[in-house]
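In what follows, a single structure is set out as structure tokens and then discussed.
Coordinate-derived values only; no laboratory data. Everything quoted here is computed from the prediction, not taken from an experiment. Every residue, glycine among them, receives a Cβ derived from its backbone with ideal geometry; neighbour counts consider all protein chains shown.
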Amino acid sequence: MTAVTFFRARFRARRGGGRVRWVAVTLLALVILAAIFAPVLSPDDPARQTLDQLRPPSADHPLGTDALGRDVLSRMLYALRTDLLLMVFAAGLPMLAGTVIGALAGYHGGSLDAAVRWVADIFQALPVYVLLIAFVFVLGPGTPSLLVAFGTLGWIVYARLIRTEVRRVRERDYVSASYLLGLSHTTVLVRHVLPNSLRQSLVYLTTDMGLALQGIAVLSFFGLGVEAGTPELGAMVAEAQVLLRSHWWLAAFPGLMIIVIGSSVAALADRFNEDGEAG
Amino acid sequence: MTLLAVDELRVSVRRRGTELTVLDGVSFAVGAGQCLGIVGESGCGKSLTLRATMGLLPPGATRTGGDIRVGRSGLAMVFQDSHASLDPTMRVGTFLADVVRRRRGGTRAAARRQAAELLAAVGVPDPDLRLRAYPHELSGGTRQRVSIALALATDPRVLLCDEPTTALDVTLQAEILRLLDTARAERGLGVVLVSHDVAVIRQVADVVAVMYAGQIVEAGPAADVLDRPQHPYTRALIGAVPSLDGPVGPFRPIPGAPPDPAVYTPACRFLPRCGHGDAACRGPVPGVHALDLRHRSSCVQHSTHHKERT
Amino acid sequence: MSAGRLRFVAARLVQVLPVLTALLLIVVLLQQLMPGDPARVMAGPRATVEQVAQVRRDLGLDQPIFLQFWAYLTNLAEGDLGRSNRTGIPISAIVGDRAGATLWLMAGGLIVSTALAAPAALLMALRPRSVAARICARSLTILVNCPPFWIGLMLASVLALRTGWLPVGGFGETFGERLRSMVLPSLTIGLAAMPLLARSAAGSLRQVLAADHVTTARSLGITGWPLVRRHLLRNAMPPAVTLLSVQAAALLFGAVVVEQTFGLPGLGAELVSAAGQRDFPVVQALTLIFGCGIILINLLADLSVALLDPRTTWR
């Protein structure tokens, strides 16, 4: 390696994003707090239908009421709960499944590893989003089938990451040393191999949460996501679609909320990435 | 006649928010028909010196000081790795004719003819056939000849060569060095050749500058520097090269590693690896330039010995 | 074409087979995943026991799974995709009817996203420290997190409902109407696909920019637009095409969303409405078609990238 390539490898453009990141963290914290304290903050019961329909924003209803006379602000606060929880689980479950599968495959190797790699290769070449619709359709709408569909299709990336890392770490001396000391397979895997492998997965998890949020919103927009009537941001946009001409805010605000959550999470993901590059 | 003079060149690199001075007052000059050899371990800044002179610093590196006087003459550069340094998607002839036309104008056909002549001049057999080849289809030696032809196509007065033979085996190494030497003699080129290999430097250089940790530590006529080295680093560097023509000595790598740019000081930077340091080495040591043919080094021990003896 | 290249093409074609088989298997097995008795679901809630049994026999659901798979394959080979549960119309006819709008949309989206992404990528790669590039990068982070249906609705709200410049939905009858009706959907899908495209293109441009051979070209006095055109784009194109094809699946998903949002009579809208009405054969056939489309796009991208690269002489 000559001097020039050395410096090129060492050099990483620093993004001067301190302020942006701070804004992102604050926004995300606010959103999470709003979701936690939704019952306290809501002016009204999100499910209570009234004859006070399609009111523009006012003191009683800061974001107005929807076509069924429900308070939109309350629905949005409760929708935050739905979307944040679904986002975490729809991204977290695949990570959990992928980590377990990848760790086992990487650690034991052999035919299990070959099988996992084969399945992963094929899944990678399949159209994930279309299968997502098909799976959710087959399983019927609702939270459980959403999570099953995301879990079935999302584990592959994590399994790959973990498998590669496990195989790499496994080759290192200290693992074989502790193995010789007579620790069980599980102990070696959990204590020594996994902590070293998880960092990359976490980076990907932050990216994945944004994708999951979009996926949930889109499926709910299609009417294939959460159960009808559950407050959810994508579903709220869908309900407002026919009212776009007269009540544009009904579609605008839930959509903005999705963007705020997604962008803040993405800004955090950037932070993780940078840490990864520096370390 | 001096074709290129570089005076007090300083380059800094940004690493995790701090500016590190990696080239610290490098000065050298090269005249017509002269070959300056810059030698040093990898990481000492010799490639960066050429890149800075050429005005092609990698991202993150900036020139913070110094003066580069090129006169009316043009500069061209030959790179180390001919595999990476030629555009893989372009036929050799297309690229070469492009460069010729940018420089000299004329029709496509004329540029093509001149490209073939250039290839023949650098000793590529069957130039018309080679013009139609992609870089990956050529052997390493031919590729490096093509790189030299490309550089010569811009009619430079000074040729900067960054480890031009490192990627090649010994036989090819000698051929490429001979080719550079012929080009120098025939065209009156000034050549600056950078290498970590003392044997290569010995073969072609008239003047030698030894670089260590971003500075020139010893410079002078090749025979003086390589046969009567003053600086302990130069001595170690020569000792680290197995020699066939000199007295056969054991191969001794230099113990330790060069310092990181983050800990560069005005004191002697070779001190931690040098066996003969004292308090004087911990003070500021003199800078050395290669602007003329006097033999000098930055080693304070040597100059005191020298004074004692005279 | 040399023997090495032919071998490469053959090897890549063979790689498709297991993926295709897996897709077919999944599509057939989807039925088994449906909760409850598929025959009962398809026969409808008011069907008698006899009717359900009849449906089961008709569909071959009483046969072992590999026979079902074989039957599906033989039908497929004859171009028979089955019939819609709701309307009884052959699915091949539905597909023929609806493919047009989807293809229009994909083409429009590709044009818009490329037109938007190319300048953004060049800006971010060539002048990474400029204010414009920073603003561009930040806007992309926000844009990538905008749900496509929301972009569509907001565009429609401003450019169609408020001003009446463009039609809100539909597909148009004449060529001119059709073009006008494609503007909003194309813009939506283009905006949704553009951030990832721009980022990956900027990434591959940056990589090429740092490559040694670009330094060589610059040392020979080649700068500015000739450098970009002759050396940067040529080398950045293959990785960009590969990344684009990897994102084809997302683009197709975007098409589904946009068709639904703007009421375009395309395959995606059909998939969503069939899924909403639990029309299994249609969902099955469209999943297969979309899947094959994406596999084909990836295959073509891989082949064109490999064959355009003069270095390809694999094994």
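Converting phi to 3J(HN,Hα) with the Karplus coefficients 6.51, -1.76 and 1.60 and the offset θ = phi - 60°, region A:35-48 yields 5, 5, 9, 3, x, 6, 7, 5, x, 8, 6, x, 9, 6 Hz in sequence order, with x at every glycine or proline. Over every Cα atom in region C:69-143, the radius of gyration and the widest Cα-Cα span, Dmax, amount to 22.3, 61 Å.
Translational diffusion of chain B was estimated from the Stokes-Einstein equation, with Rh taken as the Kirkwood radius over Cα pairs; at 25 °C and 0.890 mPa s the coefficient is 120 µm²/s.
Proximity of backbone amide H atoms, modeled 1.01 Å from N, is registered between B:Y212 and B:V217 at under 5 Å, excluding neighbours fewer than 5 places apart on the same chain.
Taking Rh as the Kirkwood radius, which is the inverse of the mean 1/r over Cα pairs, what is the Rg/Rh value for the protein assembly as shown?
Values: Rg = 34.2 Å, Rh = 32.4 Å.
Ratio of gyration radius to Kirkwood radius: 1.06.
By DSSP, what percent of the beta bridges with both residues in the protein assembly as shown are antiparallel, rounded to the nearest 5?
Values: 28 of 47 bridges.
Given both bridge residues lie in the protein assembly as shown, the antiparallel proportion sits at roughly 60 percent.
Close amide H contacts of B:L23 (hydrogens built in the peptide plane, cut-off under 5 Å, sequence separation of 5 or more or a different chain): B:V11. Distant-in-sequence amide contacts of B:G66, defined by a placed amide H-H separation under 5 Å and a gap of 5 or more residues or a different chain, comprise B:R10. Counting Cβ atoms of other protein chains within 10 Å of each Cβ in A:242-255 and taking the mean gives 3.
Projected area of region C:186-261, taken from the Cα convex hull and averaged over every viewing direction, in nm²? List each step's numbers first, then the result.
On the way: hull surface 21.8 nm².
Dividing the Cα hull surface by four gives the mean projection, 5.4 nm².
Within region B:115-212, the trypsin sites (Lys or Arg not before Pro) that combine a DSSP coil assignment with at most 16 other C-beta atoms in a 10 angstrom radius are B:R132.
The listed peptides B:82-89, A:115-122, ordered by packing as a protection proxy, come out as B:82-89, A:115-122 (highest mean of other Cβ atoms within 10 Å first). Along region A:110-115 the Karplus relation, 6.51 cos²θ - 1.76 cosθ + 1.60 evaluated at θ = phi - 60°, assigns HN-Hα couplings of x, 6, 4, 4, 4, 5 Hz to successive residues, with x for each Gly and Pro.
Order these by the 10 Å Cβ neighbour count, fewest first: A:L198, A:L213.
Working: A:L198 18, A:L213 26.
Ordered from fewest to most neighbouring Cβ atoms within 10 Å, A:L198, A:L213 come out as A:L198, A:L213.
As a proxy for reagent exposure, A:L33, A:L244 were ordered by neighbouring Cβ count within 10 angstrom, fewest first; the result is A:L33, A:L244.
Across region B:233-239, coupling constants 3J(HN,Hα) worked out from phi with the 6.51/-1.76/1.60 Karplus curve, θ = phi - 60°, read 5, 4, 4, 5, 4, 5, x Hz, and Gly and Pro carry x. Other protein chain C-beta atoms within 10 Å of residue C-beta, averaged over B:87-96: 5. Given R₀ = 41 Å, what would the calculated FRET efficiency be for C:D80 paired with C:L307, taking r from the Cβ atoms and rounding to 0.05? According to the calculation, E is roughly 0.70. For region A:64-143, the alpha carbon positions stretch 61, 24, 18 Å along the principal axes, listed from largest to smallest.
With a ≥ b ≥ c the root eigenvalues of the C-alpha gyration tensor of chain C, is it rounded (a/c under 1.5), prolate (a/b larger than b/c) or oblate?
Numbers: a/c = 2.85, a/b = 1.54, b/c = 1.85.
Oblate is the answer for chain C, as a/c is 1.5 or above yet b/c matches or exceeds a/b.
With a simple spin-label model that places each label point 7 Å from the Cα along the Cα-to-Cβ direction, the separation between A:V100 and A:D52 comes to 4.8 nm. Highest mean first, the peptides A:89-101, A:154-166 sorted by other C-beta atoms within 10 Å per residue fall in the order A:154-166, A:89-101. Other residues with beta-carbon under 10 Å from the beta-carbon of B:V207 carry, at +1 per Lys or Arg and -1 per Asp or Glu, a net charge of -3. Remark: spin-label model distance C:R7-A:D45 equals 7.5 nm, labels positioned 7 Å along the Cα→Cβ axis. Using all pairs of distinct alpha-carbon atoms, the Kirkwood hydrodynamic radius of region B:1-106 works out to 16.0 angstrom.
Neighbour counting of Cβ atoms within 10 Å sorts the residues A:T230, B:T64, fewest neighbours leading, into B:T64, A:T230. Between C:L67 and C:V14, what FRET efficiency comes out of the Förster formula 1/(1 + (r/R0)^6) with R0 = 30 Å and r the beta carbon distance, rounded to 0.05? Efficiency computed from Cβ-Cβ geometry: 0.65.
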